[in-house]
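Asker: Here you go, one structure.
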Amino acid sequence: MNLFEFQGKELFRKFGIPVPDGFVISSESELDGKQIRWPVAIKSQVLVGGRGKAGGIKFADSLESAKSVAKELFSARLKGLKVRNLLIEGKLNIDKELYISIAIDTSAKQPLIMVSQKGGMDIESVNDSDIYMQHIDPFVGFSQYLATAAAKRLGLGADLSRQFSDLLSNMCKLFEQYDAELVEINPLVITKEGKLMAADAKVSIDQDSLFRHTDIKGSYDDLTDLENEARLKGYSFVELDGTIGVVANGAGLTMATLDTLLLHGLKPRNFLDLGGTDNTDIVKNAFPILLKANPKSIFVNIFGGVTKCDTVAQGIVAAKNEFDISIPLVVRLSGVHEEEGRRILEQNKIHAFPNMADGVKKVAELSK
Amino acid sequence: MVFIDKNTRIIVQGITGHQGSFHSAEMIKFGAKVVAGITPGKGGTKVNDVPVFDTVAECMHLVPSASMISVPAPFVKDAFFEAMENGIKIIYVLTEHVPKHDEVEMYANAKRNGVILIGPNGPGLTVPFESKMGIMPNHIFKKGGVAVVSRSGTLTYEIVKALSDAGLGQSTVLGLGGDAVVGLSFLDMLKALKDDKDTNAVVLVGEIGGTAEEDAAEYIKKGFGKKVVAYIAGRSAPPGKRMGHAGAIITRGKGTAESKIKALNDAGVKVAQYPQDIPSLINEGK
């Protein structure tokens, strides 16, 4: 789960990682009466990359200009997202911009430190040769030599190296203690005054670890309203831009269903993974979410295992009776209790195909 | 077959839970030797005629060598360490939503102690009709020479059933697990299957995210000696969107379906467009 920059910087302060002085506002009037040292940076708080390039970061050197900039940023959408908060920070005298991150490398299955002299907005296009990478041995954790080696690669002098060592050590503590998937500072600024300063903060906390981090407030601003509704009801749901509503079980099978539809020239409206369930209500209650997405037809693709076909059939029948499903519904059932499932559907005049290929062909036919 | 056979003595940590009791019963029906269940506080009872103990240490006189862990996510790491410290060498974790940092720690310890860690968050390991640890539906299997290694659950069943329907039985079917950090990888499995006399062909069922498929392709390229075919799910996934489990995410242009398909093709591995095309790719050129 991604944290906003201001939330990340609160954690940075807690762990002694240097950040510029600043405060958060949710309307431009909150600037009135504040003690502010001009000039300031005004930064839109959104959970999307490329914020600077999209015009989400501006500068101001007086209250008047700050208020007009704030008003403008609050009223516009940034890459489709509403800006609810702005972070107001003292503008830094930048000498140099570096890059540093700690993430879990899923191939090596170890935390990985990455640093580069070429920090800033174009980090994604920096050559691999300009990025220094070093794994952290889970049995050892942070050790001084890791910082020494990285500081050398960044070309830092003695004083900055000492600051850098503290910074990396504190980043590692934050990474460990908060079950982070990513702690990234880009840019990590060297100021003209010779100080290291985290100009940005990108912290992502493992969703599955939140039970032990009750102080972390989740924000789901990067989800659409419908995705958020589905999330609250416990569905794994992603909106896409097509017209075929999809319900399947298991992430792999659901993706394979979307792929198969697309290979037939049919564009899916969504990804919806029922997961493993033997509860008819979970099946039934997926339909109102789908219907809100206004698909032209619905394709249910189930391979029964933990999720039994008769349970799914009962859920579909219940949904059909309770909600107004006036669009074509195509069902494929295979696996555990498939005969029983198919019988339940046939009794309610719903045909169930035994394999995915035939189901998709039917969807194609109905979409003509 | 790899890792387990009809003589493997299996324990189930969390056997008294809903999942643990249902799936241990299915495992026994399939032929698996489930010798003990572990649930703290439930020692002395029985589930599916299997004796339940409070701790792993108390059941070690039954000489188990493998454990299936089906306990709530916050307790998985503890259950893993308990099994490992008692000398269990094959540990499969069924549970989903295990914290990533716990997975990193479990993997590092498994590696150091020579433990085979399967999962978390996968359907487990099935050797038709020898033994089974996990949740794959019993009736889809047929004994034969095709090994299936997959990052998915239901998609595995889909492909296993297509193989069985086409008369192609399976030697070993293993779900690696859907999480971003799991114990076994495609590469580990290929190494294990290379000299397995029961296996003459391998199906890799991959999906977007990570580089496990690319690593496998690199290995196959050096000469594997057995036919390998593949299916990759997630061609249609938009970048940066999480599709269900944590494994399925594309970032920074890495881990895309295109990159995986290209790497596999370069290694001489044919990649099926549809899951149901896997059997004909296996039969091609026979």
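Asker: Taking amide H atoms as placed 1.01 Å from N in the peptide plane, list the residues 5 or more away in sequence, or in a different chain, whose amide H sits under 5 Å from that of A:D200.
Answerer: A:N186
Asker: Now for a separate question. Which residues' amide hydrogens lie under 5 Å from the amide hydrogen of A:F353, considering only partners 5 or more residues apart or on another chain, with H built in the peptide plane?
Answerer: A:V331, A:R332, A:L333
Asker: Which value in nm describes the separation of the simple spin-label points at B:K42 and B:E218, placed 7 Å from the Cα toward the beta carbon?
Answerer: 4.3 nm
Asker: Which length gain, in nm to one decimal place, applies between A:D61 and A:K79 when the Cα-Cα distance is subtracted from 0.36 nm times their residue separation?
Answerer: Full-extension gain reported as 3.9 nm.
Asker: Work out the charge dipole of chain A with +1 on the Cβ of Lys and Arg and -1 on the Cβ of Asp and Glu about the Cα centre, then indicate which of A:Y235, A:F23, A:C309 is farthest towards its positive end.
Answerer: Projecting each Cα onto the dipole axis, the largest value belongs to A:F23.
Asker: In nm, what is the difference between 0.36 nm times the number of residues separating A:L226 and A:D358 and their Cα-Cα distance?
Answerer: 44.5 nm
Asker: Okay, moving on. On a 0 to 90 degree scale, rounded to 10, what angle separates helix B:76-85 from the longest Cα axis of chain B?
Answerer: The answer is roughly 70 degrees.
Asker: If the chain between A:L210 and A:Q35 were fully stretched, how many nm would it gain, using 0.36 nm times the residue separation less the Cα-Cα distance?
Answerer: 59.4 nm
Asker: Given A:L160, B:L168, A:L345, which one lies farthest toward the positive end of the charge dipole of the protein assembly as shown, if we put +1 on the Cβ of every Lys and Arg and -1 on the Cβ of every Asp and Glu?
Answerer: Comparing the listed Cα positions along the dipole, B:L168 ranks first.
Asker: If you restrict to DSSP beta bridges whose two residues both lie in chain B, what percentage is antiparallel, to the nearest 5?
Answerer: DSSP beta bridges in chain B are roughly 20 percent antiparallel.
Asker: With everything on Cα atoms, drop me the angle between helix A:309-322 and the longest principal axis of chain A, reported from 0 to 90° to the nearest 10.
Answerer: Computed tilt is about 90 degrees.
Asker: Mind pulling the angle between the C-alpha long axis of helix B:154-165 and the longest principal axis of chain B? Nearest 10 degrees, somewhere in 0 to 90.
Answerer: Its long axis makes an angle of about 70 degrees.
Asker: Now for a different question. For Cα pairs less than 8 Å apart in space and 6+ apart in sequence, what is the mean separation divided by the residue count of segment A:21-90, i.e. the relative contact order in percent?
Answerer: Normalised by residue count, the contact order of segment A:21-90 is 49 percent.
Asker: In addition: Which order, highest average first, do A:124-137, B:172-185 follow once you tally other Cβ atoms within 10 Å for each residue and take the mean per peptide?
Answerer: Descending mean neighbour count gives B:172-185, A:124-137.
Asker: Kindly list the residues of segment A:162-187 that lie in the label zone of A:I131, defined by a backbone N under 18 Å from the point 7 Å along the Cα-to-C-beta vector.
Answerer: A:181-187
Asker: Under 8 Å for C-alpha pairs, at least 6 residues apart: give me the relative contact order for chain B, rounded to a whole percent.
Answerer: Averaging sequence separation for qualifying contacts and normalising by length gives 14 percent for chain B.
Asker: Of B:P137, B:V2, B:G268, which is farthest towards the positive pole of chain B's charge dipole, taken about the Cα centre with +1 and -1 on the beta-carbons of Lys, Arg and Asp, Glu respectively?
Answerer: B:G268
Asker: Still on this structure, I have one more. For a label point 7 Å from the Cα of B:N86 along Cα→C-beta, name the residues of segment B:49-75 whose backbone N is under 11 Å from it.
Answerer: Once the point is set 7 Å along Cα→Cβ of B:N86, B:52-68 turn out to lie under 11 Å by backbone N, inside segment B:49-75.
Asker: Moving to a separate point now. Please report, largest first and rounded to whole Å, the three semi-axes of the ellipsoid equivalent to chain A, where each semi-axis is the square root of five times an eigenvalue of the C-alpha gyration tensor.
Answerer: With the √(5λ) rule applied to chain A, the semi-axes are 49, 25, 17 Å.
Asker: A further question on this structure: Restricting to DSSP H runs of at least four residues, report the calculated mean residue ellipticity at 222 nm for the protein assembly as shown, -39500 (n - 2.57) per run over all residues, nearest 500 deg cm²/dmol.
Answerer: The helix contribution divided over the protein assembly as shown gives -9500 deg cm²/dmol.
Asker: Could you work out the relative contact order of chain A? I mean the mean sequence separation of Cα pairs under 8 Å and 6+ apart, divided by the number of residues, in percent.
Answerer: Relative contact order here is 13 percent.
Asker: Nearest-5 percent of antiparallel DSSP beta bridges in the protein assembly as shown?
Answerer: Once the DSSP bridges in the protein assembly as shown are tallied, antiparallel ones form about 50 percent.
Asker: Here's something else I'd like to know. Quick query: amide H of B:S67 versus all other amide H atoms, modeled in the peptide plane; which residues come in under 5 Å with a sequence gap of 5 or more or a different chain?
Answerer: When sequence neighbours closer than 5 places are left aside, the close amide H contacts are B:I11, B:I90, B:I91, B:Y92.
Asker: Can you give the % of DSSP beta bridges in segment B:1-131 that are antiparallel, to the nearest 5?
Answerer: Percentage antiparallel, nearest 5: 15.
Asker: Calculate the length of the line joining the C-alpha centroid of segment A:88-151 to that of segment B:55-115, in whole Å.
Answerer: 33 Å
No value in this document is a laboratory result; all are computed from the given coordinates. Fair warning: this is a prediction, and the values are worked out from it, not measured in the lab. Cβ coordinates were reconstructed from backbone atoms using ideal geometry, including for glycine residues, and neighbour counts include every protein chain displayed.
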